[in-house]
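> Got a structure for you, written out below as structure tokens; questions coming shortly.
The values are calculated or read from the model by the stated rules, or taken from the named source; none is laboratory data. It should be emphasised that the depicted structure is a prediction, and the values quoted were computed from it without experimental measurement. No Cβ is skipped: glycine too gets one built from the backbone with ideal geometry, and neighbour counts run over all protein chains shown.
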Amino acid sequence: MTVLEVKNLKKIYRPRFGGNQVQALSCVNFSVEEGEYVAIMGESGSGKTTLLNIIGLADTATSGQYFLDGKNVESASDAKQAELRNRYFGYVLQDYALLEAETVYENVSIPLIFSKKKSKSFQSLVRAALEAVGMENHIKTQVSKLSGGQKQRVAIARAIVNEPKIILADEPTGALDSKTGEQITACFRKLCTEKGITVIMVTHDKQVAECCDSIFQISDGKLQK
Ligand code: ADP
Ligand code: MG
């Protein structure tokens, strides 16, 4: 089943005051199957983050079409888009974006505060998310005490605690050594196989990309398989 499809996607950044406009995406056609693990590769500035932001409904395309589970997204209201964003996506970033002074529990429970889930269920949802990434023994640890690989696993737990359909990962192994990077790619693979989560990962690293089901290359704002 196709979970996500974009057609003829184009993104132009127009400066508010003078300067040149930038065409970040010129014509992107892209579809992803449910439970697929997809890599997007491309040089710095090629439009990878722009594409992830549009897919994650954090930004809008200049033109083109976007379908989630076959339903057209760009015509949805802002409120509907916000609901889709919460229901469909979990984000993982290169620098983890965790609150260093807080515990693992506090970090992973943050998305639940913005969800409709009952606070009574928080503890068990956080625990389940941490078990899925093998970090359940660190639930009370302060994030600053963890290694880079452990921090990224906590960030993945935070991304899945709301049970999203799709994880969007922007260079998730970029700050890690290759062995730790392998653990992170294995962690994503496990989420695809065991939970049917779809993973779309941007990476610079060919070895990391080769762990995926399919690899897309982006250059000059165009995407190719
Ligand atoms: P990548 O993630 O592949 O490094 P980006 O998607 O961040 O690439 O950027 C693609 C192009 O769009 C680059 O030329 C970048 O400078 C430009 N760009 C990205 N974000 C903005 C923005 N908010 N305003 C203007 N230009 C931008
Ligand atoms: Mg980027």
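> Of all residues in the range 144-186, which are of a type in the set (A, V, I, L, M), out of contact with any strand residue (DSSP E or B) (no Cβ under 9 Å at 6 or more places or on another chain) and more than 26 Å from Ala101 (Cβ to Cβ)?
Within the range 144-186, Ala186 is the sole residue that qualifies.
> Okay, next question. Could you grab me the full set of residues in the range 192-202 that are in contact with a helix residue (DSSP H, G or I) (Cβ under 8 Å, 6 or more places away or on another chain) and modelled with pLDDT of 95 or more?
Of everything in the range 192-202, those that are in contact with a helix residue (DSSP H, G or I) (Cβ under 8 Å, 6 or more places away or on another chain) and modelled with pLDDT of 95 or more turn out to be Ile197, Thr198, Val199, Ile200, Met201, Val202.
> Take the residues in the range 66-86 that are touching a helix residue (DSSP H, G or I) at 6+ places or on another chain (Cβ under 9 Å) and aliphatic (A, V, I, L, M); name whichever of them is surrounded by the fewest Cβ atoms within 10 Å (Cβ to Cβ).
If we take residues in the range 66-86 being touching a helix residue (DSSP H, G or I) at 6+ places or on another chain (Cβ under 9 Å) and aliphatic (A, V, I, L, M), then Ala76 is surrounded by the fewest Cβ atoms within 10 Å (Cβ to Cβ).
> A further question on this structure: Could you list, in sequence order, the residues of the range 129-150 that are free of Cβ contacts under 8 Å to residues at least 12 places away in the same chain and not polar (S, T, N, Q)?
Here is the first cut: in the range 129-150, the residues free of Cβ contacts under 8 Å to residues at least 12 places away in the same chain are 131, 136-137, 145.
Answer for the range 129-150, where residues must be free of Cβ contacts under 8 Å to residues at least 12 places away in the same chain and not polar (S, T, N, Q): Glu131, Glu136, Lys145.
> Next up: Given the structure, is Gly90 in a strand (DSSP E or B), modelled with pLDDT of 90 or more, at positive phi and not β-branched (Val, Ile, Thr)?
Spelling it out, it is not the case that Gly90 is in a strand (DSSP E or B), modelled with pLDDT of 90 or more, at positive phi and not β-branched (Val, Ile, Thr).
> Further question: Restricting the first residue to the range 200-219 and requiring it to be under 13 Å from Phe188 (Cα atoms), which pairs with a second residue that is away from ligand 1 (no atom under 14 Å from the Cβ) and among the polar types (S, T, N, Q) meet a Cβ separation below 6 Å and a spacing of at least six or different chains?
Sorted first by the residue in the range 200-219, then by its partner, the pairs are Val208/Thr173; Val208/Thr185; Cys211/Thr185.
> Could you list, in sequence order, the residues of the range 25-57 that are within 11 Å of ligand 1 (Cβ to nearest atom), closer than 16 Å to Leu4 by Cα and out of contact with any helix residue (DSSP H, G or I) (no Cβ under 7 Å at 6 or more places or on another chain)?
Scanning the range 25-57 gives Leu51, Leu52, Asn53, Ile54.
> Residue by residue through the range 87-123, note down the ones that are under 16 Å from Ser144 (Cβ atoms), surrounded by 13 or more Cβ atoms within 10 Å (Cβ to Cβ) and of a type outside the set (A, V, I, L, M).
Asp95, Tyr96, Glu102, Thr103, Tyr105, Glu106, Asn107
> Considering only residues that are in a loop (DSSP other than H, G, I, E, B) and under 15 Å from the mean Cα position of the chain (by Cα), which ones fall in the range 59-87?
Scanning the range 59-87 gives a single hit, Asp59.
> A further question on this structure: Any idea which residue in the range 167-196 is nearest to Glu83 (Cα to Cα), counting only those that are surrounded by fewer than 22 Cβ atoms within 10 Å (Cβ to Cβ) and β-branched (Val, Ile, Thr)?
In this case the residue turns out to be Thr193.
> Next question. Identify all residues within the range 166-218 that are within 16 Å of ligand 1 (Cβ to nearest atom) and either farther than 27 Å from Asp69 by Cα or part of a loop (DSSP other than H, G, I, E, B) (or both); write none if there are none. Outline the logic, then answer.
First, pick out the residues of the range 166-218 that are within 16 Å of ligand 1 (Cβ to nearest atom): 168-175, 200-206, 208-209, 215-218.
Answer for the range 166-218, where residues must be within 16 Å of ligand 1 (Cβ to nearest atom) and either farther than 27 Å from Asp69 by Cα or part of a loop (DSSP other than H, G, I, E, B) (or both): Glu171, Pro172, Thr173, Gly174, Ala175, Thr203, His204, Asp205, Lys206, Val208.
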